[in-house]
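The values are calculated or read from the model by the stated rules, or taken from the named source; none is laboratory data. Since we're looking at a predicted model, the values are computed, not measured. No Cβ is skipped: glycine too gets one built from the backbone with ideal geometry, and neighbour counts run over all protein chains shown. Quick note on the areas: whole protein, heavy atoms, side chains included, nothing else; ligands and nucleic acids left out. Shrake-Rupley method; radii C 1.70, N 1.55, O 1.52, S 1.80 Å.
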Amino acid sequence: MAVAKEHIEPKKKASAQKDEVVIHAQGVKKAFGDKKVLKNITFDLKRGENMVVLGKSGQGKSVTIQCVVGLLKPDEGTLDVFGENVAEMNDDELKQLRIKIGFLFQSGALYDSMTVRENLEFPLTRVLKLTDQSEIGKKVEEVLDGVGLLDAIDKLPSDLSGGMRKRVGLARTLIVNPEIMLYDEPTTGLDPITSREISELILNMQKKYKTSSIIITHDMECARITADRIVVMNEGEYIAEGTFKELQKSDNEIVRSFFNE
Amino acid sequence: MAEQVITGWRKWMLGIGEQCVFFARFFRNIFAGGFEWSEFVRQCYEIGYRSMMLVGITSFIMGLVLILQLRPSLVELGAASMLPKTLAVSFIREIGPVITAIICAGKIASSIGAELGSMKVTEQIDAMEVSGANPLQYLVVTRILATSLMVPLLCIIGDAIGLFGGFLALNFTDSISFSLYFNKCIASLDFSDFLPAVVKSVFFGFAIGFVGCYKGYNSNKGTESVGIAANSAVVTASLWIFFIDAIAVQITSLLFYK
Ligand SMILES: Nc1ncnc2c1ncn2[C@@H]1O[C@H](COP(=O)(O)OP(=O)(O)O)[C@@H](O)[C@H]1O
Ligand SMILES: [Mg+2]
């Protein structure tokens, strides 16, 4: 019961906005077979906040955000988004929730049989159910311009570089103006210059659209640019939390290993 | 050893359960509103047009070869004039639908399995779902309905081309006019030959689309699973086709050939 109280209170004070909690995870556990991937995940994401999750690969970072959007169900614990438990939602509620959440996949996950334009139109026509062609066209061009890829509008994903694909993927999730963004390794596999551009893009999006974000990464430059707060994840648990500067001074070995690269 | 057999069977039974659930979800999504007409038409075109050549060639050769094979026996029996009728009945009732379906299982079920499998591996299906769109409606419903419609059409085209192949083969040795040949064919057929064949090929088409979609949509996330999905889609769809064929002949003979 204590858990429920904790997240109802900030919701009541929604007018205060700044401290409103949009994602509340409490003791989330998840196992695949015998393999315990998430052991005890507890965190709050506040409105307008960028939370960076640092961690080596295979620690359960992606699994965590897949639980947030209901792609996976936690075995134990509660995961509330906008004050509602994701695991208890029916299909319709889940759909409504997903409209408010943008999810950038590690690979970009562009629909490879569609052009960039069709990729961006897809959420507009299928999810928001827009029908006005000129409005759709305008929106697509505006968002694509925002990520600097207006030239590529009629290309197929297979003709784009890794960085361009990520940016189109970003544009496709941002086009519906989500309130929460989940970025899965937005800069992995990109050259330093493109990485920096993407990181700055993420920061701009936060400022422009006031989104709250979880950013999964092991790129320290990206963490430095985007993070309001950083948590370090290891073997299914959060082992440290703080701002970039605070963690820099940490004497935990695993935390140090990220900063000493 | 015994344990392996038991877990094998358990998996198989679980698979059947999963397929029932998948079918229920497919069925619900047909009527869920927002039918994807343009994608459905595109799939019909892809599935129908792309397989037409292959179905045409195989049916043509089948018709030709059947006449050449049947001819000696029927001549021996003094029933050479029965050749068009024999070919027409066997082709329309059995050979046409099954050949078409098997060809389509090889071509369509595998390509659907591979396409959806690779969309699964590259997280495109997850992305669609997470965006709040309905991947089942966009990807699965359109494909299954398209195969259910196009396989019977391909089958009818294949029948016609097969009979034409038979006509050419007959003209290697005898000379029979085109109109006489086709009149003989048509005269030997009636509704009870044609209708069950078409109905059965609707089911063949459904099986091809359903198995392809099921295998692709539920494939694992490793890169090797794309190949596995495509391969097992072909094998399973082919088995289904013979299975449906065996049931269909029972039902047809109950209803029509008393
Ligand atoms: N759908 C799944 N089925 C089974 N195992 C999974 C699944 N998703 C992730 N895992 C396993 O969970 C572990 C953590 O994965 P993940 O969250 O992707 O790690 P990362 O921190 O690199 O994002 C990995 O060992 C992975 O094999
Ligand atoms: Mg990951």
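What to note about this one:
- Scalar couplings 3J(HN,Hα) for segment A:19-32, obtained by applying the Karplus form with A = 6.51, B = -1.76, C = 1.60 to θ = phi - 60°, are 9, 4, 8, 9, 10, 10, 10, 9, x, 6, 10, 8, 10, 10 Hz; x denotes Gly and Pro.
- Beta bridges by DSSP in the protein assembly as shown, antiparallel share as percent, to the nearest 5: 50
- Summing charges over all other residues whose Cβ lies under 10 Å from the Cβ of B:Val249, with Lys and Arg as +1 and Asp and Glu as -1, gives 0.
- Neighbourhood net charge (13 Å Cβ-Cβ; Lys/Arg +1, Asp/Glu -1) for B:Thr223: 0
- Among B:Gln124, B:Gln137, B:Gln69, the largest mean-square fluctuation in a Gaussian network model of chain B, built with springs joining Cα atoms closer than 10 Å, belongs to B:Gln69.
- Area buried, chain B against chain A - accessible surface, total, 1.4 angstrom probe, square angstrom: 1600
- Cut-off 15 Å, label 7 Å out along Cα→Cβ of A:Lys29, residues of segment A:56-100 by amide N: A:74-79
- Rounded Å value of the spacing that divides the Cα centres of segment B:167-217 and segment A:93-119: 44
- Each Cα pair under 8 Å and six or more residues apart adds its separation to the average, and for segment B:38-256 the resulting relative contact order is 37 percent.
- Threshold 30 Å² - residues in segment B:121-167 whose accessible area is reduced by that much or more when the chain is no longer isolated, probe 1.4 Å: B:Glu123, B:Gln124, B:Asp126, B:Ala127, B:Met128, B:Glu129, B:Val130, B:Ser131, B:Gly132, B:Ala133, B:Tyr138
- Our summary gives segment B:128-240 a relative contact order of 35 percent, counting only alpha carbon pairs under 8 angstrom and 6 or more residues apart.
- Cα gyration tensor, segment B:38-256 - rounded (a/c under 1.5), prolate or oblate: prolate
- Between helix A:192-209 and chain A: long-axis angle, C-alpha atoms, 0 to 90°, nearest 10: 90
- Each residue of segment B:46-62 was assigned a 3J(HN,Hα) from its phi angle through the Karplus expression (A = 6.51, B = -1.76, C = 1.60, θ = phi - 60°), giving 4, 5, x, 5, 5, 9, 4, 4, 5, 4, x, 5, 5, 5, 4, 5, 4 Hz with x at Gly and Pro.
- Estimated from the Cβ-Cβ distance and a Förster radius of 45 angstrom, the FRET efficiency linking A:Tyr209 and B:Val21 is about 0.75.
- Couplings 3J(HN,Hα) of segment A:251-259, computed from phi: 10, 5, 5, 5, 4, 4, 4, 6, 7 Hz, in residue order, whole Hz [Karplus 6.51 cos²θ - 1.76 cosθ + 1.60, θ = phi - 60°; x for Gly and Pro].
- Principal-axis analysis of the Cα atoms of chain B puts helix B:191-217 at an angle of about 30° to the longest axis.
- Tensor-based shape of segment B:1-67 (alpha-carbon gyration tensor, a/c under 1.5 rounded, otherwise prolate or oblate): oblate
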